[in-house]
Amino acid sequence: MVAIKSVAAIAALSLVNTAQAWYNDLPSCLEPFDPFVYSGCYDNGQVGQKEALSLRTDLDTQNMTVEICVAHCKGNDYRLAGLSYYGVCYCGQTVSTALLPEDQCSFPCTGNSSETCGGDTEVNIWMDPTFPPLADQTSITEYVPVGCWTDDSSEGKALFYRQDSLDSSTMTTETCLQSCLSGGFPFAGTEYGGECYCGVVIGNGTDLAADSSTCNMACNGDSSEICGGPARLSLYVAKDLQSLEPCGTPPDTSSTVTTSSTSTTSSTSTTSSTSTTSSTTTTTSSTTTTTPPPTSTTPPPTSTTSSAPVCTTTSVTPSKCEYSVGKWCSNPIPEWTDKKSCLISWSQCAIQSTSCFLKAGFPDSLHCFDYATWCGELDLYCLTTCATGSCSKPSFTKKYPPKGGLPPTTSTSTYVCPSTITTSTKTTKTTTTAAPTSSCPVPTPTGICTQPTNKKYGYGPGNPVGGIPLPIVTCNNIKNDFNAGNVFKLYSDKDSHNCPSYTRPHCPNACADACKTQYQQCESIYTEGCKTGSFSQSYKDADAACKAQYSDCLDVNKNVKGTGHCTTWNDGW
């Protein structure tokens with residue numbers, strides 16, 4: 001198969017099958033190609049655990065050689081090939097497990113006992129040097145849209161690797177592309193509003209949809225974006241994640257040299273059949289042959305072998321439940337480095353208070369006051385620590401750790417560094433990749449509705465009945481909804497897509513709904529708390545105060561117009 005060289009070529013692509021259960025494998029590459037570079041011995045996981053490479057092939061394990069496995073992965077457009085347990089062949093785009101000492105891979109290949117095919121739970125891995133360095137592909141801008149594609153073939157899915165770890169309810173195009181980029185996949189696609197798929201080729205039976213409007217479902221995490229449709233895939237491709245010399249492209253003969261019988265590899269004196277290839281920074285030795293079928297560099301079973309350096313990318317994904325109260329979890333507040341960005345994080349924290357009181361469930365909702373206090377500590381931190389020196393989220397959460405939630409998750413992906421730089425000593429480069437964030441701006445927790453004042457019951461701005469604040473009504477942070485005329489939003493849910501929105505003439509309705517929400521919380525939390533002794537006021541007095549505040553709230557906000565607010569999207573908060 002000839003891999004895609006440009007976006008325009010996709011429409012004319014002769015569609016092929018890809019890997020694993022939903023597809024038949026492509027044929028192995030039987031034409032000459034640049035030899036794969038040996039990369040090392042890796043952990044392949046215990047039974048039932050995640051394996052080093054994503055695809056376990058169905059090739060016959062009884063007569064396996066390095067050449068057979070490498071040719072198969074080359075023909076299926078994979079960057080990496082791996083062999084384990086005498087002859088189990090794997091293909092993949094990145095390595096997801098740890099590098100091991102070389103002597104832990106010691107099993108001979110079933111088809112050639114002079115070659116090494118991993119170990120019991122170890123795998124030898126080789127890399128196709130014709131792929132651009134994965135470390136250089138750091139932005140989702142590498143992907144370009146290529147239209148709406150069908151995904152209803154009886155022969156399998158358009159793209160094989162579904163990203164089940166992503167939250168469907170918050171799916172955006174950016175989230176999907178980032179996940180596929182992290183896996184090194186050149187193809188990415190969204191479907192049915194909340195599904196994300198990645199792949200190295202497009203599945204058989206898939207085609208450009210005759211009617212592009214059949215990709216008509218808004219992304220669950222951003223309604224301004226389209227995420228495919230029923231059996232329709234919004235497809236993207238990053239050509240820089242594909243091989244520059246796919247199967248069928250003659251290898252660059254300028255880099256091919258005749259093998260010699262003896263040479264010294266790396267800094268250790270060994271005797272082996274080698275060839276010397278010039279690199280931009282070093283000289284490396286590798287074993288090749290000069291006749292088809294294609295060959296690869298293989299590690300001699302008992303000698304030192306040069307290898308490509310190994311890079312490690314560490315990704316820290318924020319917890320989806322940073323602060324937990326009863327049945328409620330908060331969204332993570334963003335990272336910050338200065339006062340301005342810290343106050344944005346405080347806004348994200350404070351704007352979620354209402355949803356805590358609504359969703360936590362009594363009596364757990366009483367602890368939402370603790371969450372509000374935590375947000376208050378963040379506000380003070382922004383105004384003091386950030387105003388006088390360096391500040392960050394880790395320093396704040398170390399002093400004021402969130403309660404009940406889950407910590408961020410850290411995952412490490414090991415992959416072969418750029419093949420133009422090879423050395424006998426493997427090096428490690430660690431980078432940190434931030435998790436994708438929402439494209440919606442964070443609303444400020446200063447609303448256009450007024451907290452009423454009543455001297456008899458003692459409530460007023462900053463001192464509502466029972467300490468339960470009036471929910472925020474401010475500008476709509478969902479762009480397409482704002483542009484449709486719904487300029488205001490009542491922030492009563494941690495996901496603003498689930499919050500009601502209002503046109504400018506209905507601004508009083510928004511405040512009336514905010515007053516009603518505050519009243520319901522006042523009765524279900526404060527009044528009930530007084531009944532059980534959580535507060536000192538009597539149940540009767542608490543009930544009267546809640547009702548009075550609701551009546552006053554409706555009265556003081558009945559003529560609110562929001563003049564001067566929210567004239568343009570993401571402005572006039």
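The values are calculated or read from the model by the stated rules, or taken from the named source; none is laboratory data. The shown structure was predicted, so the numbers you read here are calculated from the model rather than taken from an experiment. Cβ coordinates were reconstructed from backbone atoms using ideal geometry, including for glycine residues, and neighbour counts include every protein chain displayed. Note: areas computed on protein heavy atoms with side chains; ligands, DNA, RNA excluded. Shrake-Rupley method; radii C 1.70, N 1.55, O 1.52, S 1.80 Å.
The convex hull of the Cα atoms of the stretch 165-238, projected and averaged over all directions, covers 4.7 nm². Peptides 351-357, 121-127, 149-155, 323-329 ordered by packing proxy, namely the average of other Cβ atoms within 10 Å per residue, highest first: 121-127, 351-357, 323-329, 149-155. Available extension along the chain between residue 31 and residue 224 is 64.8 nm, counting 0.36 nm per residue and deducting the alpha carbon span. When Rg and Dmax are taken over the Cα atoms of the stretch 483-544, they come to 15.7, 48 Å. Take the solvent-accessible surface of the protein heavy atoms, probe 1.4 Å, and return the percent of it on the stretch 100-212 that carbon and sulfur atoms account for. Roughly 47 percent of what the probe reaches on the stretch 100-212 is carbon or sulfur. Spin-label model, residue 561 to residue 141: label points 7 Å out along the Cα-to-beta-carbon direction sit 4.4 nm apart.
Assuming R0 = 41 Å, can you tell me the calculated FRET efficiency for the pair residue 398 and residue 446, based on Cβ-Cβ distance, to the nearest 0.05?
So, using R0 = 41 Å, E works out to roughly 0.90.
Grab the Cα-Cα distance for residue 406 and residue 212, subtract it from 0.36 nm times how many residues apart they are, and report the gain in nm with one decimal.
Gain in length upon complete extension: 65.7 nm.
Inverting the pair-averaged 1/r between distinct Cα atoms of the stretch 38-131 gives 12.6 Å as its Kirkwood hydrodynamic radius.
May I ask for the distance between the Cα centers of the stretch 496-525 and the stretch 188-203, given as a whole number of Å? The distance from the Cα centre of the stretch 496-525 to that of the stretch 188-203 comes to 38 Å. Pairs from the table (359/455; 403/489; 456/558; 50/157) lying more than 25 angstrom apart at Cα are 359/455; 403/489. FRET efficiency for the residue 103 to residue 162 pair, using the beta carbon distance and R₀ = 30 Å, is estimated at 0.20. Using the Cβ-Cβ distance between residue 568 and residue 534 with R0 = 51 Å, the FRET efficiency computed as 1/(1 + (r/R0)^6) comes to roughly 0.70.
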